Amino acid sequence: MMKGALSRRSLLQQTAALGAAALIGDVGTASATPAAGANDEPWFDRPMRWAQLTLVENDPGQYSPKFWLDYFKRVHADAACLSAGGCVAYYPTKVPFHYRCVWMGNSDPFGELLDGCRKLEMVVLARTDPHATHQDAYEAHPDWIAVDAEGRPRRHWADSEFWVTCALGPYNFEFMTQVHQEIMRLYKPDGIFSNRWSGSGMCYCVHCQENFRTAYGMDLPRTQDPQDPSRRNYWLWRQERLFALWRLWDGEIRKINPQARFIPNTGGGSLSDLDMKSVGELADTLFADRQARRGLMPPWAAGKNAKEYRACMGDKPIAGIFSVGLEEPYRWKDSVQSEAELRIWVADGIANGLRPWFIKFAGTLHDQRWLRPVNDIYNWSYGSERYLRKQESLARVAMVYSQQSANFYGGERAQSKVEDHTLGFYHALIEARIPFEMVHDLLLDPSHIERFKVLILPNIAALSDDQCNQIRQYLQRGGSVVATFETSLYDQWGARRKTFGLADVFRVNYQGRVEGPMQNSYLTVEKDPTTGQYHPILAGLENAGRIINGIHRVDVEPIEKVTDPPLTLIPSYPDLPMEEVFPRTQHTDISEVYAHEYGKGRVVYFPWDIDRSFWEVLCVDHGKLLRNAVEWAANEDKIVTVDGPGVLDVTVWRQQGSMTVHLVNLTNPMMMKGPFREIVPVGEQRVRLRLPRGQKAKRIQLLVGGAELRTSSADELVKITVPSIAVQEVIAIDL
Ligand SMILES: [Zn+2]
């Protein structure tokens with residue numbers, strides 16, 4: 001409704017009249033000030049605290065750049081990402097059809113902020129957003145616009161003044177290349193960060209049709225079926241186009257400033273779209289854009305995001321973009337969320353190796369409540385910086401994630417068939433307080449997995465023969481594997497094998513059937529009749545007799561006869577009428593867990609969806625089985641144990657002269673899905689930590705609680721009592 005009264009067009013005249021009066025502060029010549037640390041040293045590893053101000057079009061002339069620069073300084077932000085161009089140019093661009101901010105008049109809002117940040121010696125990235133353009137561009141270059149499956153050009157879903165652009169054609173390859181060149185020439189920023197650069201869904205424009213036909217000799221797919229050749233080839237082609245675009249922009253940027261980079265907003269877990277192995281090879285730094293949680297997302301999702309990026313980036317720096325507002329589908333972009341929620345989210349990112357990056361939309365503040373919490377978090381990070389840098393994880397457990405399983409086996413059901421298995425196992429490891437990492441399934445070579453004792457394969461269904469061999473070799477070298485459900489039953493393209501690629505490892509063959517969803521099925525907890533003992537995988541379930549089964553099971557046949565399996569199947573029996581609810585089969589000898597030695601390692605294989613069922617039902621018995629399976633497979637002393645109440649995310653790191661243990665308190669007083677309302681501190685935590693061989697603890701500090709602890713002994717096993725944890729505690733041990 002405001003649009004009619006105060007449209008961009010009608011404001012053209014007003015702002016032109018405002019002219020230079022719209023300027024605030026002194027606008028220096030941006031390019032006159034050299035880039036921060038303008039020398040040969042790459043800047044990527046320098047920033048520890050990022051600030052992003054995403055200008056809205058009516059900010060220039062109305063908001064106070066000085067306020068923001070003062071805030072950046074106060075919070076020790078050492079890098080900034082500032083709005084420059086794309087949808088709206090915030091500098092006096094000369095590129096045709098690069099729409100200039102109507103409100104900026106003759107000013108240069110981007111240059112002004114950039115100059116202010118450089119005076120603070122901050123790294124500065126220019127932000128562009130190419131996903132939408134204006135009417136004049138549409139009229140002059142209709143082929144820049146994305147086209148839907150019915151052949152209609154796409155208006156923007158949220159703002160009908162805009163058109164959605166095609167990411168894979170000349171709009172990006174030609175027009176946006178000119179924009180990026182101009183920004184680099186005029187301002188020489190440290191890089192360009194592009195948001196929404198990879199398209200907004202499938203495009204059927206003339207360029208996409210022609211280019212795809214030239215590359216693969218077929219029409220663009222009109223099916224989501226990943227087994228359809230056109231869909232598979234489209235997936236390949238889109239990757240090729242986007243990586244080509246990345247290389248093009250990066251190359252043009254480096255021609256003007258060799259230390260600068262193009263940094264796309266991309267990356268993530270199994271459901272993310274660009275191949276993360278290639279992303280990790282191309283990028284010198286990345287920014288993980290998961291700004292807050294929504295719906296039923298658990299608070300550890302920030303840490304999971306960090307683990308997925310680090311799996312492919314190694315020790316290259318990654319910032320975690322967090323929003324100060326709510327991130328729900330209704331997009332209250334000007335909102336501010338609770339301080340408790342903000343603190344937990346950022347703490348879990350930091351505990352998992354992310355460098356915090358706050359994002360604020362609009363320079364005009366409608367609600368100031370976030371300023372103090374972010375100030376506190378950033379100042380703590382500044383004071384603790386030496387324990388947050390140049391660190392490597394000491395976790396001994398790693399969980400594999402697989403984009404190819406999501407794409408080619410999961411398809412449209414990738415969330416339930418692939419990701420929900422990961423989420424269930426992830427939650428079990430959090431509850432068990434086991435520090436762990438994630439590993440990409442294309443990086444199963446020794447250099448990426450040798451440091452781990454246990455590799456978890458949560459229904460990693462699609463694996464090539466080579467990947468199966470890498471897992472076999474890992475076992476032969478002494479690693480252990482815990483796998484579930486249909487792991488390795490499909491090849492890398494999602495085609496089902498006759499039996500598991502890892503049949504010899506699991507010691508079972510596929511019997512041609514997956515049963516489920518099963519109603520009212522159980523598992524008998526078996527005692528070994530010869531020893532009278534329970535298998536360690538059943539620890540904590542000795543009194544159960546039987547526990548609930550999962551929801552789906554793979555029918556498998558042991559390759560060699562299994563004597564005295566620890567868990568056996570009680571098949572489904574009627575759950576109504578109540579008079580009929582009794583087991584028709586009291587007991588079977590059908591094993592539902594295979595646990596044995598393989599090579600120099602151990603294997604645990606669950607032929608059912610224990611991890612996905614755990615995610616859906618959160619049955620504590622399934623959580624115990626998952627924990628026990630990992631601990632039995634590890635077969636070694638743990639690097640760290642933490643005993644005490646509550647739910648904690650535990651991570652353990654080594655820096656050059658120190659070690660840290662992060663304990664993030666995820667205990668949430670809300671009964672249902674809930675954002676954090678208040679922080680409920682958890683009581684005493686008893687921590688036992690194994691130091692690296694031959695090392696002694698010189699000094700032990702609590703970086704949040706502020707206490708310095710006496711070292712108990714010269715032992716390699718350090719015992720520490722943390723009296724209480726509110727948001728998080730970080731135990732720092734100087735070695
Ligand atoms: Zn297109």
Among Gln685, Pro723, Ser658 - extreme Cα towards positive end, dipole of region 633-735, charges at beta-carbon: Ser658
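Report the extension gain between Asn509 and Glu716 in nm, rounded to one decimal, defined as 0.36 nm multiplied by the number of residues separating them, less their alpha carbon distance.
Extending this stretch completely gives an extra 70.0 nm.
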Over region 430-584: Kirkwood hydrodynamic radius from C-alpha pairwise inverse distances, Å: 17.9
Distant-in-sequence amide H partners of Arg546 (H built 1.01 Å from N, under 5 Å): Val525
The chain: angle of helix 301-313 to the longest principal axis, Cα-based, in degrees nearest 10: 80
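Return one quarter of the surface area of the convex hull spanned by the alpha-carbon atoms of region 598-735, equal to its mean projected area, in nm².
Numbers: hull surface 43.1 nm².
Computing the convex hull of the Cα atoms and averaging its projections yields 10.8 nm².
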Surface accessible to a 1.4 Å probe, Lys638 within the full protein complex, Å²: 100
Computed accessible area, Trp615, all protein chains, 1.4 angstrom probe, square angstrom: 60
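Over region 142-246, what relative contact order in percent results from Cα pairs under 8 Å that are six or more residues apart?
26
So what is the relative contact order of region 423-532, in percent, for Cα pairs below 8 Å that sit 6 or more residues apart?
20
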Cα→Cβ-extended label distance, 7 Å offset, between Lys498 and Thr364, nm: 7.1
Relative contact order %, the chain, counting alpha carbon pairs below 8 Å whose residues are six or more apart: 10
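In terms of solvent-accessible area of protein heavy atoms at a 1.4 angstrom probe, what is the ranking of Val680, Val75, highest value first?
Working: Val680 55, Val75 0 Å².
Sorted by accessible area, descending: Val680, Val75.
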Charged-residue dipole, Cβ positions (Lys, Arg, Asp, Glu), the chain about Cα centre, Debye nearest 20: 1400
Descending semi-axes in Å of region 308-403, equivalent ellipsoid built from Cα gyration tensor: 27, 18, 11
Fraction in percent of alpha-carbon pairs per bin - 10 Å, region 177-273: 14, 38, 28, 16, 3
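What are the semi-axes of the equivalent ellipsoid of the chain, taken as the square roots of 5 times the eigenvalues of the Cα gyration tensor, listed largest first and rounded to whole Å?
Three semi-axes, in Å: 48, 32, 23.
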Inter-site label distance for Cys619 and Arg389 at 7 Å from Cα along Cβ, in nm: 5.0
For His207, solvent-accessible area (1.4 Å; no DNA, RNA or ligand), Å²: 50
Relative intensity, log₁₀ I(q)/I(0), of region 118-263 from a Debye sum that treats every alpha carbon as a point, q = 0.10, 0.15, 0.17 Å⁻¹: -0.39, -0.80, -0.97
Within the chain, helix-based [θ] at 222 nm, where runs of 4 or more DSSP H residues each add -39,500 (n - 2.57), nearest 500: -8000 deg cm²/dmol
Alpha-carbon Rg/Rh ratio, for region 222-352, with Rh computed the Kirkwood way: 1.03
Accessible carbon and sulfur surface of region 609-735 relative to its total accessible area, %, 1.4 Å: 49
Globularity index of region 376-434, i.e. its alpha-carbon radius of gyration over 2.2 N^0.38 Å: 1.66
For region 482-530, convex hull volume per residue from C-alpha positions, Å³: 134
Net charge over other residues, Cβ less than 11 angstrom from the Cβ of Pro669 (K, R count +1; D, E count -1): 0
10 Å beta-carbon shell around Ser270, net charge (K/R +1, D/E -1): -3
Too-long pairs where the Cα-Cα distance tops 26 Å, listed order kept, from Lys277/Lys696; Lys66/Lys390; Lys188/Lys360; Lys624/Lys698; Lys188/Lys316: Lys277/Lys696; Lys66/Lys390; Lys624/Lys698
Globularity ratio of region 548-669, using Cα Rg and 2.2 N^0.38 Å: 1.42
Given charges at Cβ of Lys, Arg, Asp, Glu: the chain dipole, positive-most of Tyr401, Tyr510, Leu709: Leu709
Solvent exposure, largest accessible area first (probe 1.4 Å, DNA, RNA and ligands not counted), of His98, His448: His448, His98
Largest to smallest accessible area among Leu626, Leu576 [probe 1.4 Å]: Leu576, Leu626
Length gained when the stretch Ala539-Met297 is fully extended (0.36 nm per residue, less Cα-Cα span): 84.2 nm
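As an exercise, take the mean of 1/r over every pair of distinct alpha carbons in region 573-644, invert it, and state the Kirkwood radius in angstroms. Write down the numbers at each step before the final one.
Values: mean 1/r = 0.0652 Å⁻¹.
Answer for region 573-644: a Kirkwood hydrodynamic radius of 15.3 Å.
The values are calculated or read from the model by the stated rules, or taken from the named source; none is laboratory data. Small disclaimer: the values here were computed from a predicted structure and weren't measured. Quick reminder, even Gly has a Cβ in these numbers, built from the backbone with ideal geometry, and neighbours come from all protein chains shown. Ligands, DNA and RNA are excluded from the accessible area calculation, which covers all protein heavy atoms including side chains. Shrake-Rupley method; radii C 1.70, N 1.55, O 1.52, S 1.80 Å.
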